[in-house]
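> Take this structure first; my questions come after.
FYI, it's all coordinate maths here, none of it is from the lab. Worth saying up front: this structure is predicted, and the values here are computed from it rather than measured. Note: ideal-geometry Cβ built from the backbone for every residue, glycine included; neighbour counts use all protein chains shown.
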Amino acid sequence: MKVWLDGELLDEAAARISVRDHGLTVGDGVFETMKVVDGQPFALGRHLARLRTSGERLGLAVPDVELLKAGVKALIGAHRRGDVARLRITVTGGPGPAGTERGDSGPTVLIVGGPLKQWGGSAVVATAPWARNERSATAGAKTTSYAENVVALAWARRQGADEALFLDTRGNVSEGTGSNVFLVVDGTLATPALTTGCLAGVTRALVIHWCGAVEAELPASVLQHASEVFLTSSTRDVQPVGTVDGRGVAAPGPVTVAATAEFARRSAADLDP
Ligand SMILES: Cc1ncc(COP(=O)(O)O)c(C=O)c1O
């Protein structure tokens, strides 16, 4: 496959990134993942806006939107329709000296495509034994420092679960390792507020907007009595959850069915909502 690296379309095997890249050495980078539908990236405007916000949080110079849009278009155009069904844009601190301080050679910018993962039906989730730190310097930014998520997801898999859910440091439900979470609590569709340190998911924002969900600080106890639970992410859209910490939940229940249908309808009607 082709990749787009620092303004150039290259064969993947020919693309080279410095062994001193700060993204590689210390996880100093930000990224976005989006799906590609009929040759068009879904919600590109929202993803590029969040990439910029994440970059600002890290003090990283994210390139101009038009340059990134041109890179995305070039990458998709270089492949057969359907071969790029998901796409990732990564911006790192670029080559730097050993240690934590960033170098001054400018960012590395990379766009890579690939197939979309199939998520299957309903998910099993388990509450992770580690917290999402809502007071972290990078809370809410989509950084390449994903080791916490890697560890928690591997833990979930060992429990027979598909996704781990983090609580924040105060015990409120926050998010999954690669997803936001929605719960039906006392008949109301709710999702953890951004104050819990969760990512401002693009899918989350659209579900709030299109399906009228409320944002709230939800204590961990809601996981034991929510009548429905679902996950959202750019590659999943809406995925029902059938088991939460060993408790069976209707999957999909009526609110999840309605949210899935509304998301499918609205997203098909507008690829850059
Ligand atoms: C930690 C985390 N939370 C939430 C999400 C969902 O965000 P989005 O809907 O923008 O894909 C992701 C996506 O990968 C994620 O990694």
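> For Val150, which of the numbered conditions (1) part of a loop (DSSP other than H, G, I, E, B); (2) closer than 23 Å to Val91 by Cβ fails to hold?
(1)
> For the range 195-214, what are the residues that are buried (at least 16 other Cβ atoms within 10 Å of the Cβ) and not in a loop (DSSP other than H, G, I, E, B)?
Thr195, Thr196, Val202, Thr203, Arg204, Ala205, Leu206, Val207, Ile208, Cys211
> Within the range 153-177, how many residues are assigned to a loop (DSSP other than H, G, I, E, B), surrounded by fewer than 20 Cβ atoms within 10 Å (Cβ to Cβ) and among the small types (Gly, Ala, Ser)? Spell out how you get there, then give the answer.
So in the range 153-177, the residues assigned to a loop (DSSP other than H, G, I, E, B) come out as 159-162, 169-171, 177.
Checking the rest, the ones that are also surrounded by fewer than 20 Cβ atoms within 10 Å (Cβ to Cβ) come to 159-160, 169-171.
Now drop any that are not among the small types (Gly, Ala, Ser), which leaves 160, 171.
Of the residues in that region, 2 qualify.
> Now a separate question. Does the range 30-81 hold any residues that are outside any helix (DSSP H, G or I), small (Gly, Ala, Ser) and closer than 30 Å to Arg135 by Cβ, and which are they?
Here is the first cut: in the range 30-81, the ones outside any helix (DSSP H, G or I) are 30-43, 59-64, 78-81.
Subset that is small (Gly, Ala, Ser): 39, 43, 59, 61, 78.
Ala43, Gly59, Ala61, listed by residue number.
> Turning to a different aspect of this structure: Just the residues that are of a type outside the set (Lys, Arg), within 14 Å of the ligand (Cβ to nearest atom) and touching a strand residue (DSSP E or B) at 6+ places or on another chain (Cβ under 6 Å), please, taken from the range 30-57. It would help to see each step written out before you state the result.
Initial filter on the range 30-57 (of a type outside the set (Lys, Arg)): 30-34, 36-45, 47-49, 51, 53-56.
Remaining after also requiring within 14 Å of the ligand (Cβ to nearest atom): 30-34, 36, 41-45, 47-49, 51, 53-54.
Matches in the range 30-57: Val30, Phe31, Glu32, Thr33, Met34, Val36, Pro41, Phe42, His47, Leu51, Ser54.
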